[in-house]
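Notes to accompany the following structure.
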Amino acid sequence: MIFERPDLIWTGIAGLIIVAAFCLGPSYLAIRSLLRGLSGGTTMRRFYRPVTFGFLAGAVAAAGLASTTGQVAALWVSLLVVLFLLAVIDWAWRWLPVEWTLLVIAIAVLKALGTGKFGEALLSACLIVAILLIIRQALLWLRGIEALGLGDVWLMAGLAGMLSPTMAFFLMGGAALTGLVEVLLRRIADRTASSDGSVSYGTHLCGVFVAINLFLPVT
């Protein structure tokens, strides 16, 4: 019976998340942006469809293999897939599709329920969202600019729900720091370029979150 095989259940959940990410979100646009940056427009137009389907099939297979090592491992594979898509599309278009940010939040809820830490996850998410919304609204009032998009807020809510409150603040600050480094490097590389100093904060959030989970056993 399938209910006697937790690995199959987690594989199914992770597989559904991955398929939903590709079917509901602008996955073609993300893959096209990536291929265009790596190999140019001609290669992109020729190969983006098979690359997208290959990526989808490989991600589902990876989730299946991961589930044999642990029930939550398949969920992490699906999270990495969604974060990769978010990072690519935010880097290329400064856009975080709501379909994908909601999937990150759904994964956070599943992880919290599976580990019995729903209260801590909710606290982390609510604290971070409240702070980001206050900062966003204050900048709108004081300077008339939208320095932080709502997509960044929802993404941060999902990521914070998978961290302790302390590490959630570390993630928020770390992403801001790496974003500042990016701006400085761009200005050093091309001193003549006019830049407003904007960065793809969502891309930095995804990268710093993955780094935290690779090097700090906190989740």
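The values are calculated or read from the model by the stated rules, or taken from the named source; none is laboratory data. None of the values given here were measured: they were computed from a predicted structure. Cβ coordinates were reconstructed from backbone atoms using ideal geometry, including for glycine residues, and neighbour counts include every protein chain displayed. Each accessible area value is taken on the protein alone, full model and side chains, heavy atoms only, with ligands, DNA and RNA left out. Shrake-Rupley method; radii C 1.70, N 1.55, O 1.52, S 1.80 Å.
Taking the condition of being on the phi < 0 side of the Ramachandran plot and of a type in the set (Lys, Arg), how many residues in region 66-99 meet it?
Of the residues in region 66-99, 0 are on the phi < 0 side of the Ramachandran plot and of a type in the set (Lys, Arg).
From the set of residues in region 136-152 that are open to solvent by 30 Å² or more (accessible area, probe 1.4 Å) and among the small types (Gly, Ala, Ser), which is nearest to residue 80 (Cα to Cα)? Give the derivation first.
Of region 136-152, the ones open to solvent by 30 Å² or more (accessible area, probe 1.4 Å) are 136-147, 150.
Narrowing the set further to residues that are among the small types (Gly, Ala, Ser) leaves 138, 144, 147.
Values: 138: 32, 144: 35, 147: 26 Å.
Once the filter is applied, the top-ranked residue is 147.
Looking only at region 60-88, which residues are crowded, with 24+ Cβ neighbours inside 10 Å, of a type in the set (Gly, Ala, Ser) and modelled with pLDDT of 90 or more?
78
What is the residue count in region 20-63 for residues that are under 16 Å from residue 88 (Cα atoms), in contact with a Leu (Cβ under 8 Å, 6 or more places away or on another chain) and part of a helix (DSSP H, G or I)?
7
Go through (1) farther than 24 Å from residue 94 by Cβ; (2) of a type in the set (A, V, I, L, M); (3) in contact (Cβ under 8 Å) with a residue 40 or more places away in the chain; (4) assigned to a helix (DSSP H, G or I) one by one and return the number of the condition residue 214 breaks.
(3)
Suppose we keep only residues that are in a helix (DSSP H, G or I) and open to solvent by 20 Å² or more (accessible area, probe 1.4 Å) within region 153-173. Which one would you say is nearest to residue 213 (Cα to Cα)?
The extreme case among them is 167.
Would you mind stating whether residue 133 is over 20 Å from residue 95 (Cα atoms) and assigned to a helix (DSSP H, G or I)?
Numbers: over 20 Å from residue 95 (Cα atoms): no; assigned to a helix (DSSP H, G or I): yes.
It is false that residue 133 is over 20 Å from residue 95 (Cα atoms) and assigned to a helix (DSSP H, G or I).
Which residue, of 103, 133, is closer than 15 Å to residue 154 by Cβ and surrounded by 19 or more Cβ atoms within 10 Å (Cβ to Cβ)?
After applying the criteria, what remains is 103.
Could you grab the pairs with beta carbons closer than 8 Å, sequence gap of 6+ or different chains, first residue in region 40-52 and farther than 18 Å from residue 24 by Cα, second one assigned to a helix (DSSP H, G or I)?
These pairs meet every condition: 43/35; 44/32; 44/35; 44/36; 47/35.
Take the residues in region 138-168 that are more than 19 Å from residue 101 (Cα to Cα) and of a type in the set (A, V, I, L, M, F, W, C), then tell me which one is nearest to the chain's Cα centre (by Cα).
167
Here is a yes/no grid of residues against (1) modelled with pLDDT under 95; (2) not β-branched (Val, Ile, Thr):
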| residue | (1), (2) |
| --- | --- |
| 105 | no, no |
| 111 | yes, yes |
| 137 | yes, yes |
| 159 | no, yes |
| 165 | yes, yes |
| 169 | yes, yes |
| 180 | yes, yes |
| 191 | yes, yes |
